[in-house]
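Below is one structure; the comments refer to it alone.
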Amino acid sequence: MNKPVVVSDEVPVAPVLVPDVTSGPIAGTAGAAPAYIVLAGISLSHFLNDTMQSLIASIYPILKDNYALDFAQIGLITLAFQFTASLLQPVVGYFTDRKAQPFSLAIGMGSTFFGLLLLSIAQRYPVILVAAALVGLGSAVFHPESARIARLASGGRYGFAQSVFQLGGSFGTSMGPVLAALIVVPFGQPSIAWFSSIAFLAIVILWRIGVWYRPQIAAKKFAAVERHPDAPRIRRVRMRFDGCELPGRDLRPVPKPNPPQNDDRHKRDRGKPGDAWLTERHNDQCRQHRAHRGTETATELKH
């Protein structure tokens, strides 16, 4: 017989308290105010970096006239510049994700510094290619780590921090051609060395940002993650696979057993890999578990 289901109208008298997820060491900088000085410094550095990066394309007409370059040679200069500036960024980001380098920004800007000096005195086409590659290398080192610093200094206002960071870069890209027309065109190729003073200013700013960034890395590395008091313990976790609920067990990794070779019941599994044998054995356990539960249910209904 079907038994009636009684739904209780009892209302809990005690309020349910939800802990604040933004408190504690897990929250990081989400509850802190943005570091406006760091944001302004990293945005200014982005402005200086992209100003020097856009300078390369702005002096193509001067290089073409001075060295009688054709469009294929101009394209190779662009390839050398973009190969280091763009294609190396994921590589740099991969390594800095594994181990953050607080002073890599200043070191990368040093590559741009020497690239501009080399470009101002270059008299041969291969030297121009090397100078363009050095300038691009500084950009590849700058962007991944500077974006991380902008997020770290955001204080949880990630959209605001990213917009301030991108503002400096966009403004610098627009100022590069203007400065090339005002300085490089009237004074010639040697005046490119004047832009190395911009790189030196960026090195000073980025070094100071690295001093601020270094303790942030150490705090994040050694911060202990507190366990929530209501979190389930490892031995209390119950697993469910393909509709089969198994009793709680230790979730630590267990070495996979090899399928038996002499058991006739498993002769059909000799040609299968270990994972396939384990899957079929698990399915057998599930079927036995369902049959056992069905027997218990039938016994209860008889009584």
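Derivation of every value follows stated rules applied to the coordinates shown; laboratory data play no part. Being a predicted model, the structure only gives us computed values, none of them experimental. Here the Cβ positions follow ideal geometry from the backbone for every residue, glycine too, while neighbour counts run over all protein chains shown.
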Report task. Beta carbons within 10 angstrom, averaged per residue: use that to sort the peptides 130-137, 192-199, 147-154, 61-68, highest first. Result -> 130-137, 147-154, 192-199, 61-68
Query raised in the report: Arranged by the count of other C-beta atoms within 10 angstrom, fewest first, what order do ARG208, ARG124 take?
Result: ARG124, ARG208
Query raised in the report: Which semi-axes, in whole Å and largest first, does the equivalent ellipsoid of the range 53-118 have when worked out from the alpha carbon gyration tensor as the square roots of 5 times its eigenvalues?
Result: 30, 14, 7
